[in-house]
Amino acid sequence: MNDIRQSACPLNCWDSCGFHVTVENGKVVKVDGDPTHPITKGKICGRGRMLETRANSPERLLYPLKKINGEFKRISWETALDEISGHLKEIKEKYGPLAVLHSHDYANNGLLKNLDQRFFNCFGGVTELTGSLCWGSGIEAQKWDFGDAYSHGPEDVLASKNIVVWGRNVARTNMHFYQMLQKAQKQGARLIVIDPLYNATAKMADDFITVKPGMDGLLAAGIMKEIIRLGLEDHSFIDAHTEGYEDLLELLEGTSMASISEMTEVSIEEMTRLAYVFTDKPTSTYMGLGMQRYKNGGNTIRLIDALVAISGNVGIKGGGANYANLQVGQSFSFDQIALSHRKEQKRQFTMMKQAEEILSAVNPAIHMIIVTCGNPLTQVPDTNRVKEAFASVSKLIVIEQFMTDTAMLADYVLPAAASFEEEDIYYSSMYHHYVNYGPKLVESPGEAKPDLWIWTQLANRLGFGDEFHFTRDQWLTMGLELLDSNGKTLEALKQNHWLELPVKKIPWQDHVFKTASGKYEFTSQLGKTKDGNGRLKLSLPEESKWTDKKLAHEFPFSLLTIHPLRSNHSQNYHLYSKEPEVKIEVAQNIADDLRLQEGDRARVWNKRGEIEGFISILKKGHPNTINIDEGIWSRFGGSVNTLTSSSESDNGLGSTLYDCLVNLEKVL
């Protein structure tokens, strides 16, 4: 008998959808959208639907595995937990807790996924990762400007006269916002898309501006210069609610429109036109994550923020510099869950440079790595270096659902529960402000266990099990503690399956900012404490013809590595009905110059590595631009991160995955 249950998507993406899940004979057989959800309204993407395939895949890891003489052997949970806890004790006694590295990412959402932090804090504190491969530069940038990274509520875009979608293909990554854009257009709003690629969002736009990869900040500077030249800046906002405007003027005066046009490969006429768009208020700006994945990434977001500010689109209905919405995550009691005060020692590596840091670490060296919620051998830049680093430690523990590239390298692989096999609470800090409830619907296959069970068992063996002796309801109630005064209880969430969180739908409407000055800061006081300056800069990518002519001569093409359509990062490639291949998408001018045709085999390379795949031609891609989707496993051709750099962004908290020059040749 079929039983249709309300649930929620655990994937850490923009939309955080409500689900209807069909369960038959104790097995998930179908995943659909929940039509009662206030944002997602019954529509879900292919990645969400594939959670059924993922849960039922015959490739699921079912039992704990240990590598013995180079081969994985099945062992009991008792043996695995006893041995791993024994190794943890030994390493801590010999070298201290910082000899253990916790490598993690955030591809799976869930309030209780943060319990890994509680475990490691109670252990005494391990070497942790900071920063983000995904959005770290932009988050930090908006904290310098506004004091925090907040976005307008989803419905607010309907109040916009003009909508600028900058470096964000919402048709692929944010389908419910795509629908909202369609509605806004029908009501008369004008949609402008700025992107190096002519993507599905660009196809629906009223105007499309193609920009050279990595030069988006310079484009914002050019638009600001035109606004100021035309006398269109909003002095009522600038004079009363900002600091450092004179520094911005000085910066802009130091470059010419001709120079900006040459570097961005955008005409001055288009920049003039955009100056009028931004000042024809209200104009909302929705920024993507790709353009901050450069060495100059934080400064890029800051320059776009500044453009939104001088045009008077901050704190007004239908406006905003919309990048992330950390208000959502700030609704939960993470410290209650993490117990940060139990940490006795602390050391941090950046997520981007974890490989180099592992290989060079001393006092203590890294002797054990525990991987959760991630697949670093596919997702972390400079794959060859990552593999070298992860192979260098005496013990690698991976908690996983499938035998990923990272799991293949491990000494122990522990099988984890999948979606619908454990209860949790889900939300997104990127788009909407609703929290969703996901009940446990089915049992895990084989001996797969929830993360919470694994941490509890290890904690019991290491002497701090009392800190994990709570029921699931008690854990969830703990995480919702901050919401109690608003009546947002666990009981209410379970009953309704989603709840609206108490956020400001038009942030900064009172013009009171979370900066040190309480104003919007063109010159950031927080930035001064971190880089000694805090001023905006007209900075460039690390790899470009303007910063390294010799490198650009050898490797003349800009490589983008965008998110795949049907996989949340590397999670689903092995589940495709047709085995995936590496697709090399090239701009038309590259195809013409190198005499490439659709389907040709080609090799892409730089000094870090190489990858082969088949050619697909981007009819309107920006000249000299290549894209290879990220996340592909080695068995399907290998990760594009073989080519990418592990450098950190200008503010130290983001990756430079898109700051990458390559060469290409046809393989005969």
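Here are the numbers for the structure shown:
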| quantity | calculated |
| --- | --- |
| Net lengthening on full extension, Asp3/Lys73 (0.36 nm per residue, minus Cα-Cα) | 21.5 nm |
| Average Cα contact separation per residue, the range 549-666, under 8 Å, 6 or more apart, as relative contact order % | 37 |
| Sites Leu359 and Trp605, calculated FRET efficiency, Cβ-Cβ separation with R0 22 Å, nearest 0.05 | 0.40 |
| Fraction in percent of alpha-carbon pairs per bin - 10 Å, the range 269-398 | 10, 25, 25, 22, 14, 5, 0 |
| Taking Asp650, Asp659 and counting other C-beta atoms within 10 Å, the order from fewest to most | Asp650, Asp659 |
| Computed label-point distance, nm, for sites His553 and Lys94 using a 7 Å Cα→Cβ extension | 5.1 |
| For the range 373-493: relative contact order, % (alpha-carbon pairs under 8 angstrom, 6 or more apart) | 15 |
| Extended-chain gain in nm, criterion 0.36 nm per residue less alpha-carbon gap, Tyr576 and Glu388 | 64.8 nm |
| Calculated FRET efficiency for the pair Arg229/Met408, C-beta based, R₀ 60 Å, to 0.05 | 0.55 |
| Length added when fully stretched, Arg595-Asp82, from 0.36 nm per residue minus Cα-Cα | 178.7 nm |
| Pair Thr471, Gln179: separation of 7 Å Cα→Cβ label points (nm) | 3.6 |
| Binned Cα-Cα distances of the range 403-472, short to long, each 10 Å bin given as a whole percent | 17, 33, 37, 13, 0 |
| Euclidean distance of C-alpha centroids, the range 439-501 and the range 540-555, integer Å | 50 |
| Using a Förster distance of 30 Å, the FRET efficiency for Leu565-Asn114 (Cβ separation, nearest 0.05) | 0.55 |
| Whole-number percent relative contact order across the chain, with pairs defined as alpha carbons under 8 Å at least 6 apart | 21 |
| Segments 492-504, 167-179, 333-345 sorted - mean Cβ within 10 Å per residue, highest first | 167-179, 492-504, 333-345 |
| Stokes-Einstein D in µm²/s, Kirkwood radius over Cα pairs - the range 549-666 at 25 °C with 0.890 mPa s viscosity | 167 |
| Ranked packing of 282-291, 415-424, most packed first, by mean Cβ within 10 Å | 282-291, 415-424 |
| 10 Å binning of all Cα-Cα separations within the chain, expressed as whole percents from 0 upward | 3, 15, 26, 27, 20, 8, 1, 0 |
| Cα gyration tensor category, rounded, prolate or oblate, for the range 93-194 with a/c compared to 1.5 | prolate |
| Rg/Rg_ref, the range 2-56, where Rg_ref = 2.2 N^0.38 Å and atoms are Cα | 1.05 |
| For peptides 187-196, 203-212, 529-538, 310-319, sequence by mean Cβ density within 10 Å, most packed first | 310-319, 187-196, 203-212, 529-538 |
| Debye-sum result for the range 420-532 in log10 I(q)/I(0), which assumes one identical scatterer on each alpha carbon, at q = 0.11 Å⁻¹ | -0.62 |
| Euclidean distance of C-alpha centroids, the range 28-77 and the range 118-177, integer Å | 26 |
| Charge-dipole axis of the chain as Lys and Arg at +1 and Asp and Glu at -1 on Cβ define it, positive-most pick from Val28, Asn436, Pro376 | Val28 |
| Span from the the range 637-663 Cα centroid across to the the range 362-409 one, whole angstrom | 18 |
| Per-residue [θ]222 nm for the chain (sum of -39500 (n - 2.57) over DSSP H runs n ≥ 4, rounded to 500) | -9000 deg cm²/dmol |
| Surface/4 of the Cα convex hull for the range 71-129, nm² | 5.5 |
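None of the figures in this text is laboratory data; all of them are computed from the coordinates on show. Keep in mind that what you see is a predicted model, and the values were worked out from it rather than measured. A quick note on method: Cβ atoms are made from the backbone with ideal geometry, for glycine too, and the neighbour counts reach across all protein chains shown.
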